[in-house]
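Since the structure comes first, as structure tokens, the remarks are kept for the end.
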Amino acid sequence: MLVHPNFDPVAVHLGPLAVRWYGLMYLVAFAMAFWLGRIRVAKSKIVTLPMLDDLLFFIVLGVVLGGRLGYVLFYKPMDYFHDPLEILAVWHGGMSFHGGLLGVLLAVWYVSRKHSLPWLALTDFLAPLIPQGLAAGRLGNFINGELYGRVTDVPWGMVFHSPGAGPLPRHPSQLYQFGLEGVLLFVILWIYSARPRPTGAVSGLFLLGYGVFRFFAEYFREPDDFLGLLALNMSMGQWLSLPMIVLGAAMLFWAWRRQQKV
């Protein structure tokens, strides 16, 4: 049995300002996206460095606004309906990947219109840059001791000191998601996108890969206490991942069949 190190969520104090580890993970994610994006620009025939800067700027807005509003709408709509000002209290936590993804898609749509680029070609360019950001976010979850897993008796089960975690060991599901949605998905997409693919294929593989990995990891993650398990004993994360799996598989099929017809 392991014990969570119970990290201080504040990385450093700068006078009255407290810089939190979770916020630093966001900075790491965007810095890595900028670095990897420059590598992909060097091989891209449609995206330039100024376009990349524009894209990343609006993606930051999409992640933050979409992630927050997605959490509000998908997970606690009535709570925020009764206290709307709490929506602005992002320091209290509460971000949704699926909401952030919708925000990113809107940001990409805007940039594609602005630069007269095909929307799917731009999402194909962007898709391999996303998993490393997910990995950074899951590390932030682990440092905070939040989004821990279900009770388990596996040898690597970990006791978390977080409120509600109790004294029993739990799956370190944040690390499972770090490895699956972050590292493994990044490797798959980076290798797959290294060669020319039909338009939409890389985006489809991202949706399919993330959806499958997230759906699987949710079996080890403790469901949100205010929601529990929903219909068919599936969590909210699993229900939100199902459309991604279906859409990703459909996009892959469409992309390759469309290329064959051309």
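A few notes on this one:
- Each label point was placed 7 Å from the Cα along the Cα-to-Cβ direction; for Trp35 and Val154 their separation is 2.9 nm.
- Separation between Cα centres of segment 209-248 and segment 1-60, rounded to whole Å: 26
- Exposed loop sites here mean trypsin sites (Lys or Arg not before Pro) with a DSSP loop assignment and at most 15 other beta-carbon atoms within 10 Å; the chain contains its longest site-free run at 151-262.
- Put a dot 7 Å past the Cα of Trp239, heading toward its Cβ, do the same for Ser44, and the two dots end up 3.6 nm apart.
- Order of Asp53, Asp124, Asp224 - criterion: other Cβ atoms within 10 Å of each residue's Cβ, fewest first: Asp53, Asp224, Asp124
- The slack between Leu24 and Ala11, meaning 0.36 nm per residue of separation minus the straight C-alpha distance, is 3.9 nm.
- Cross-link partners of Lys76 among aspartates and glutamates (Cα-Cα below 14 Å; sequence separation of 8 or more within a chain): Glu86, Asp224, Asp225
- Around the amide H of Arg221, modelled in the peptide plane, lie the amide H atoms of Arg150, all under 5 Å away and 5 or more residues distant in sequence or on another chain.
- When chymotrypsin sites (Phe, Trp or Tyr not before Pro) are flagged only if DSSP places them in a loop and at most 13 other Cβ atoms lie within 10 Å, the longest unflagged stretch of the chain comes out as 8-155.
Values in this text are rule-based calculations from the coordinates and carry no lab data. Being a predicted model, the structure only gives us computed values, none of them experimental. So basically every Cβ, Gly included, is an ideal-geometry build from the backbone, and we count neighbours across all protein chains shown.
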